[in-house]
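Report on one structure; see the data block that follows.
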Amino acid sequence: MRIIDLRSDTVTKPTPAMREAMFKAEVGDDVYGDDPTVNKLEELAAKMLGKEAALFVCSGTMGNLLALLTHCTARGDEAIVGSESHIVIHEQGGAAALAGVALRMVKTQHDGTMLLEDIEESINPDDIHFTRSKLLCLENTWHGVPLSLEYMKDACALGRKHGLLLHLDGARIFNAATALGVTAKEVAAPFDTVQFCFSKGLSAPMGSALCGSRQFIERARRLRKMVGGGMRQVGIVAAAAIVGLEQMVERLAEDHANAKILCDELCKIDGLKVNKEGVRTNMVFFKISQQISQEEFLNRLQDNGLLACDEGRGGIRFVTHYGIDADDVREAAKRVALTVKQITEGTLAATAR
Ligand code: TLP
């Protein structure tokens with residue numbers, strides 16, 4: 001049985017074009033600025049995001065950490081973040097532990113936004129009793145949901161009005177742009193800095209770009225070295241990221257279409273609560289109503305050759321990506337239906353005993 005892996009778009013393997021580009025990549029010591037492939041990638045990333053400069057970093061987590069470190073220059077400076085954002089939930093408290101940045105959490109709404117009034121309320125006056133509010137961070141897409149251009153513009157205008165710097169965790173910015181029918185540059189426009197990942201829907205093996213002004217990126221480059229992210233002949237992997245930007249952006253629409261098919265098929269299965277409205281890009285979330293824990297359900301799915309991600313109270317997550325086609329998602333839905341049937345029949349048998 002072929003395993004269908006829908007845990008994340010991070011499971012994607014490099015395309016044949018990427019492997020070819022990696023094989024042929026010209027390299028140098030990037031800490032000295034000598035790697036021509038990295039330099040090319042950084043220029044391309046900055047251009048596509050409409051920023052002056054970019055920095056190739058190991059991961060999205062490192063990109064966000066460097067944004068916090070570079071923007072929040074004084075110990076204890078505060079960054080305003082969504083309560084359900086990746087920075088809060090999935091980065092192991094790096095903001096506090098490594099960057100000395102205080103996080104002010106504002107409730108994340110079901111569509112990934114924070115209410116403007118909540119943001120405004122969380123901004124501290126310049127008063128000795130409070131932390132210094134320095135940075136506002138948004139995330140787009142959030143759990144696969146794109147934030148609208150209008151919302152980002154309004155939230156950023158509010159931040160600016162109060163003198164905040166603005167960062168976007170745009171790990172999947174190209175999915176957001178595809179869903180909104182705009183360019184990544186337009187999504188990035190209201191922000192001072194953006195981090196986005198090559199290692200997700202763009203299918204490169206690793207890395208992210210942190211984009212911003214030339215001056216900001218110079219400072220971030222020094223700090224990247226401090227956190228141990230200075231890499232050497234890393235053009236080997238930057239070559240794959242270039243292919244990601246040049247060849248893999250347009251196909252993201254396929255992943256979004258496959259997520260819709262998957263959602264429709266899951267909706268036909270009794271006993272599942274599918275978040276239909278939330279399916280806007282490449283993610284599908286659902287909850288189970290069986291008398292079985294989510295963890296146990298995921299184990300049963302795995303026995304049936306299907307891998308999914310446990311999102312705790314958020315339910316179960318499927319992510320579509322390169323290497324998964326429409327037939328695969330139909331097959332995935334069949335395996336979910338089979339799992340539900342096996343559980344229901346098992347429960348009925350137990351009751352009859
Ligand atoms: N997200 C991963 C897991 O960490 C949950 C995934 O499978 O979705 N920002 C956002 C919005 C992300 O979703 C992720 C990765 C990151 C940052 C961090 O990127 P990496 O994994 O490269 O450190």
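The values are calculated or read from the model by the stated rules, or taken from the named source; none is laboratory data. Since we're looking at a predicted model, the values are computed, not measured. Note that each Cβ is placed from the backbone with ideal geometry, even for glycine, and that neighbours are counted across all protein chains shown. The accessibility values were calculated without ligands, DNA or RNA, using every heavy atom of the protein model including side chains. Shrake-Rupley method; radii C 1.70, N 1.55, O 1.52, S 1.80 Å.
If one takes the longest principal axis of the Cα atoms in the chain, at what angle in degrees, from 0 to 90 and to the nearest 10, does the Cα axis of helix 235-247 lie? Around 70 degrees separate the two axes. FRET efficiency for the pair Ser148 and Gln109, taken as 1/(1 + (r/R0)^6) with r the Cβ-Cβ distance and R0 = 22 Å, rounds to 0.95.
Taking every lysine pair in segment 124-233 that is 8 or more places apart or spans two chains, those with Cα atoms closer than 28 Å amount to 11. With both labels modelled 7 Å from their Cα along Cα-to-Cβ, the Arg132 to Asn299 distance reads 5.1 nm. For Glu277, the accessible area of its heavy atoms, probed at 1.4 Å with every protein chain present, is near 150 square angstrom.
How many percent of all Cα-Cα pairs in segment 251-352 sit more than 19 Å apart?
Every Cα pair in segment 251-352 considered, those over 19 Å come to 39 percent.
Could you compute the FRET efficiency for Lys268 and Glu246, with r as their C-beta to C-beta distance and R0 at 41 Å, rounded to 0.05? FRET efficiency, Lys268 to Glu246: 0.60.
Within segment 163-292, DSSP assigns beta bridges of which about 70% are antiparallel (rounded to the nearest 5).
Test of understanding: what is the full-extension gain from Gln291 to Asp310, defined as 0.36 nm times their sequence separation minus their Cα-Cα distance?
Going from the current span to full extension adds 5.2 nm.
Positive end of the dipole of segment 11-247 (Cβ unit charges, origin at the Cα centre): among Ser213, His129, Ala188, the Cα lying farthest that way belongs to Ser213.
Highest first, please rank the peptides 17-26, 180-189 by the mean number of other Cβ atoms sitting within 10 Å of their residues. Could you put the intermediate results ahead of the total?
On the way: 17-26: 16.3, 180-189: 17.9.
Packing proxy ranking, top to bottom: 180-189, 17-26.
State the antiparallel share, in %, of DSSP beta bridges confined to the chain, rounding to the nearest 5. Before the final figure, lay out the partial values.
Numbers: 19 of 37 bridges.
Around 50 percent of the beta bridges assigned by DSSP in the chain are antiparallel ones.
Summing Cβ point charges (Lys, Arg +1; Asp, Glu -1) relative to the Cα centre of the chain gives a dipole of roughly 360 debye.
Of all the accessible heavy-atom surface of segment 11-247, with the other protein chains kept in place and a 1.4 Å probe, what percent is carbon and sulfur?
53
Given +1 at the Cβ of Lys and Arg, -1 at the Cβ of Asp and Glu and no other charges, the dipole of segment 210-288 around its Cα centre is 700 debye to the nearest 20. A Förster distance of 35 Å, applied to the separation of the beta-carbon atoms of Tyr32 and Arg7, puts the FRET efficiency at 0.40. Each of Gly63, Thr12, Val31 was scored by the projection of its Cα onto the charge dipole of segment 1-74, and the greatest displacement toward the positive side belongs to Thr12; charges sit on the C-beta of Lys, Arg, Asp and Glu.
Note on segment 130-146 and segment 276-353: Cα centroid distance 30 Å, given to the nearest whole angstrom. Taking the longest Cα principal axis of the chain as reference, the axis of helix 252-267 is set at about 30 degrees.
Cys197 contributes about 10 Å² of solvent-accessible surface, heavy atoms of the protein only, 1.4 Å probe. With Cα atoms as the point set, the radius of gyration and Dmax of segment 71-206 evaluate to 14.6, 47 Å.
Could you put Thr10, Thr320 in order of accessible surface area, largest first, with the 1.4 Å probe and the full protein assembly present? Mind dumping the intermediate values first?
Working: Thr10 70, Thr320 0 Å².
Most to least solvent-accessible, the answer reads Thr10, Thr320.
When averaged across all projection directions, what area in nm² does the alpha-carbon convex hull of the chain cover?
In nm², the orientation-averaged hull projection of the chain is 19.1.
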